Every structure is written in C-alpha cells, then in structure tokens.
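Enquirer: Quick one: this structure, given as structure tokens, is what I'll be asking you about.
The values are calculated or read from the model by the stated rules, or taken from the named source; none is laboratory data. Treat the numbers as computed from the prediction; the structure is a model and nothing was measured. Every residue, glycine as well, gets a Cβ built from its backbone with ideal geometry; the counts of neighbours run over all protein chains shown.
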Amino acid sequence: MRLTCAPPSADHPVELRRAFRALTRIVDERARGFLAAHREKILFLIVGGWNTVFQYAVFALCWHLLSDHLHPSLILLISYLIAAVNGFLGFRYIVFRSAGHPLTEFLRFQAVYVPLLVLNMIGLPLLLDHTHLSAYVIQALFAVFVVVVSYLGNKYFTFRKRRPATGPER
C-alpha cells in the first residue's frame, strides 16, 4: 500500500474526502498561525541572511582588490559604507515594516552597527597579526556574532514600536 498526500479522488468514500479537507484546513490554519506568530523572526533570518552574504561578498571583493594597498580597518570601513544601505532598507521595509522617520531610524541603525564596525576594525588587524586565520575566516566568524547583536539592537532600539502617547491620568 502506498501513501500519498494527494486528495482523495471521486471514487473514494465521501467521509474520506471530508476528512482530508478537514485535515488540510487544520494544517493550513496552524501553518498560518505559526507564520503570523514568527513572521518577524523568519523575515529577519531571510533578510539578515541576505544582508550577511551581501556584506561578506562586498568585504571579500574589497579585500581581494585592496588588501595590498590599504589597512584592513580601512577596507572594513569601505565595505561597511557600501553594504550599510542595503541592510537598513531590508530591515526597515521588509522585516520591521517601520513607519518612523527614515533619517531618525537610519541614525539609530548606525548606532547599532557602528560599535560593531569599530569592534571589527580593532579585532580584524589584531587577529590577522596574532592568529593563522585569514581575513575571510575572521569575517565569517564575526558575522555570526553580528547577526545576534544586530537582531536585538534593531528590534529593541532602531525599529522598536512606539507606544501611543497618552494624556495625563485622572
């Protein structure tokens, strides 16, 4: 006997077709509930994954082209300036669907990422000098750290939902 997920055909009993429709409806409702409950986290992983790949690719290209000519920290700064706009737009419009003022949120976004950039600009040269790791490996490891910190910073600081102002209590 072979089990499939295809709906029962017309020659199956009516009860089987009804049971299949009911099961399909339950699975569909639960899937929608799960997606609704975890929408922001799922989108953050997708957009954050894209942003991480994009940032890493920009860094790798800049490193490949400029590492013989520029200090590692300057290469990080150049790659950050290129990739920061991509990250901001993705998080603002896709993940958090923010309605706040774009310039204010961009500055708040920078407040989350600039400390990470500074930490990276200090850590990359030190790790290059004191380990046998390549810049590519160091940046891949740093990216994991950035994903966690940036989610928390963006959710609770950059794009946090504002509570409506209330008047004085009586």
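Enquirer: Can you name every residue in region 90-112 that is surrounded by 13 or more Cβ atoms within 10 Å (Cβ to Cβ) and more than 23 Å from residue 39 (Cα to Cα)?
Expert: Listed by number, the list holds a single entry, 110.
Enquirer: Starting from region 97-116, take each residue that is on the phi < 0 side of the Ramachandran plot and list its partners that are not in a helix (DSSP H, G or I), counting only C-beta distances under 7 angstrom and pairs at least six apart or across chains.
Expert: Close Cβ pairs (under 7 Å, with a partner that is not in a helix (DSSP H, G or I)) amount to 98/159; 105/98; 105/159.
Enquirer: Looking at region 61-74, which of its residues are surrounded by 15 or more Cβ atoms within 10 Å (Cβ to Cβ) and free of Cβ contacts under 8 Å to residues at least 40 places away in the same chain?
Expert: 62, 66, 70
Enquirer: Do we have residue 100 as within 20 Å of the chain's Cα centre (by Cα), modelled with pLDDT under 95, closer than 16 Å to residue 147 by Cβ and of a type outside the set (A, V, I, L, M) here? Before you say what the answer is, go through the steps one by one.
Expert: Working: within 20 Å of the chain's Cα centre (by Cα): yes; modelled with pLDDT under 95: yes; closer than 16 Å to residue 147 by Cβ: no; of a type outside the set (A, V, I, L, M): yes.
Spelling it out, it is not the case that residue 100 is within 20 Å of the chain's Cα centre (by Cα), modelled with pLDDT under 95, closer than 16 Å to residue 147 by Cβ and of a type outside the set (A, V, I, L, M).
Quick grid of which residues meet (1) at pLDDT below 85; (2) in contact with a Gly (Cβ under 9 Å, 6 or more places away or on another chain); (3) in a helix (DSSP H, G or I):
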site: 10; (1), (2), (3): yes, no, no
site: 16; (1), (2), (3): yes, no, yes
site: 29; (1), (2), (3): no, no, yes
site: 34; (1), (2), (3): yes, no, yes
site: 48; (1), (2), (3): no, yes, yes
site: 53; (1), (2), (3): no, no, yes
site: 58; (1), (2), (3): no, no, yes
site: 63; (1), (2), (3): no, no, yes
site: 68; (1), (2), (3): no, no, no
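Enquirer: Tell me, which residue of region 113-128 that is within 20 Å of the chain's Cα centre (by Cα) and crowded, with 16+ Cβ neighbours inside 10 Å is nearest to residue 92 (Cα to Cα)?
Expert: Among them, the one singled out is 113.
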